[in-house]
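The values are calculated or read from the model by the stated rules, or taken from the named source; none is laboratory data. Worth saying up front: this structure is predicted, and the values here are computed from it rather than measured. Here Cβ is always computed from backbone atoms with ideal geometry, including for glycine, and neighbour counts include all displayed protein chains.
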Amino acid sequence: MKLLSPAISRLARLRLWSIEQWIADPEKAQHIVWQDLLAAGQYTEFGRRYRFSQIQSLEDYKTMVPVQQYEDIKPYVDRMMQGEEHVLWNTPISWFAKSSGTTSDRSKFIPISDESLTDNHYKGSKDVLSLYYVLHPESDLLTGKGLVIGGSHQINQLNEGVQYGDLSAVILQNSPFWSNWIRTPDLSIALMDEWEEKIEKLAQSTIQENVTSMAGVPTWLIVLLKRILEITGKETIKEVWPSLELYMHGGVSFVPYRQQFEKLIGAPINYMEMYNASEGFFAAQDDLSAEGMLLLCDHGIFYEFMPVSEQGKEFPQTLQLSEVETGKNYAPVITTNGGLWRYIIGDTIQFTSLQPFRIRVSGRLKHYINAFGEEVIVDNTDQAIAAACAKTGAVVTDYTAAPVYFSDNSNGAHEWLVEFDRPPADLENFITELDAALRHINSDYDAKRTKDIALRQPVVHPVPQHTFVNWLSSKGKLGGQHKVPRLSNDRTFLEEILTFMTSHGNNHQHV
């Protein structure tokens with residue numbers, strides 16, 4: 001192990017030259033990626049249907065190939081899962097990443113090709129390591145182990161040649177043998193599907209390890225770290241793992257969680273954001289002091305950026321890197337070496353820098369509140385929650401919000417369910433600060449709140465701890481990438497959670 005890690009460290013640093021090449025000319029890198037993808041795609045059924053062989057320019061591509069939602073590609077995916085080849089991609093697809101959002105009972109199955117594993121997911125991971133070593137050349141990251149708390153890793157064998165699981169499972173099953181030496185827990189625990197037992201096994205098995213880095217969704221990592229402190233009787237995680245230096249996070253905004261991590265860990269470490277989904281590894285932080293993640297432009301994915309106002313059109317306007325602006329909301333439309341063609345992934349992003357191209361995730365196309373023209377997105381509410389916590393000393397575990405519609409004797413409002421790890425001393429003060437922060441961040445919200453014209457002050461209900469975890473569990477969506485929908489433009493989920501709370505009373509099963 002001591003011989004292996006310095007060798008890997010040197011290799012990681014050597015990768016920097018190739019990273020610098022595409023950073024210097026990202027538009028050229030993107031054009032080459034697009035040409036390679038189109039060349040491969042012309043030999044597929046999808047490519048023949050949309051006449052890839054006749055496409056001469058990017059404008060042809062945008063004109064001839066409609067933007068795809070999952071419902072559009074599902075018939076192709078279903079056939080691929082039965083073993084058909086050359087449907088969406090020109091090499092055999094034997095793995096599918098099962099992606100199931102909190103808000104839908106329908107699972108999505110994203111094709112994972114050998115090329116997308118090698119040239120996207122693994123290449124992205126190696127480049128993240130290289131970027132980190134550039135920032136911290138004296139790092140001892142690989143002298144210890146990386147704690148990875150992924151999703152529900154159960155692998156399902158669909159037929160002789162096809163398997164599926166969540167992205168974490170697919171990556172674990174296909175990763176090189178030596179990766180087991182620098183990762184914890186071992187596969188027998190990582191592959192567990194039952195989350196309460198898994199958290200306990202994770203805690204017990206990692207206490208004795210020399211953990212130098214952590215990766216995973218913040219909510220589940222917090223549960224794990226608290227359990228580790230309970231078992232060890234230690235005050236901070238740094239007492240358990242003195243060499244811990246890095247937490248790689250993604251999937252949800254880290255803003256509401258940072259204070260909890262700093263308290264649990266008990267000493268400064270580095271925090272690095274990544275944007276890695278079933279559909280691809282898109283971006284990673286290259287400057288830990290700056291907002292935004294470096295867009296990975298040479299990793300088998302071609303990007304278009306759709307202004308959110310174009311949502312719903314068959315041939316929406318999309319922009320290239322040379323046309324985007326900072327601070328505007330775009331929905332990424334991706335073409336990938338896994339067989340996704342002009343596919344809308346459903347996130348919204350904003351560019352924080354154009355030299356180099358850095359982005360941040362601002363929300364989801366379907367996760368917003370715009371019942372009264374206020375256009376509130378998740379990024380707004382995450383920032384407002386963080387501001388209210390800073391002003392009141394509260395710590396928020398999770399939240400969801402939805403509109404309260406006009407009635408005969410009252411105008412509208414936003415209704416919030418907030419789970420506190422540490423409640424504020426004065427809830428009314430917290431609500432005032434939350435409202436003030438949101439008004440400062442979002443001018444449309446502020447206009448609707450002026451003199452309570454359309455919106456009165458938010459209605460905030462503190463909910464018992466573990467409410468959201470238990471609700472997810474009741475839906476069979478516990479663990480991994482499953483998340484509570486932060487915002488919804490209707491009351492479906494908020495009412496569902498309220499009903500769940502009423503029907504379960506105080507008989508909640510705690511994790």
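For this structure, a couple of remarks:
- Members of region 207-251 that are part of a loop (DSSP other than H, G, I, E, B) and either charged (D, E, K, R) or in contact with a Cys (Cβ under 6 Å, 6 or more places away or on another chain) (or both): 209, 234, 235, 245
- Within region 109-133, being among the polar types (S, T, N, Q) and modelled with pLDDT of 90 or more holds for 113, 116, 118, 120.
- Residue match in region 75-87 (condition: surrounded by 20 or more Cβ atoms within 10 Å (Cβ to Cβ) and closer than 30 Å to residue 212 by Cβ): no
- Residues that are buried (at least 19 other Cβ atoms within 10 Å of the Cβ) and of a type outside the set (A, V, I, L, M, F, W, C) within region 108-118 comprise 108, 111, 113, 115, 116, listed in sequence order.
- Residue that is part of a strand (DSSP E or B) and either at negative phi or in the same structural domain as residue 259 (by TED's automatic domain parsing) (or both), where the choices are 436, 401, 388: 401
- Of the residues making up region 252-264, none is part of a strand (DSSP E or B) and either buried (at least 18 other Cβ atoms within 10 Å of the Cβ) or modelled with pLDDT of 90 or more (or both).
- All positions within region 129-168 that are touching a Leu at 6+ places or on another chain (Cβ under 9 Å) and among the hydrophobic types (A, V, I, L, M, F, W, C): 129, 131, 134, 135, 141, 142, 147, 148, 149, 155
Yes/no per residue for (1) farther than 26 Å from residue 220 by Cα; (2) of a type in the set (Asp, Glu):
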site: 422; (1), (2): no, no
site: 430; (1), (2): no, no
site: 433; (1), (2): yes, yes
site: 437; (1), (2): yes, no
site: 452; (1), (2): yes, yes
site: 457; (1), (2): yes, no
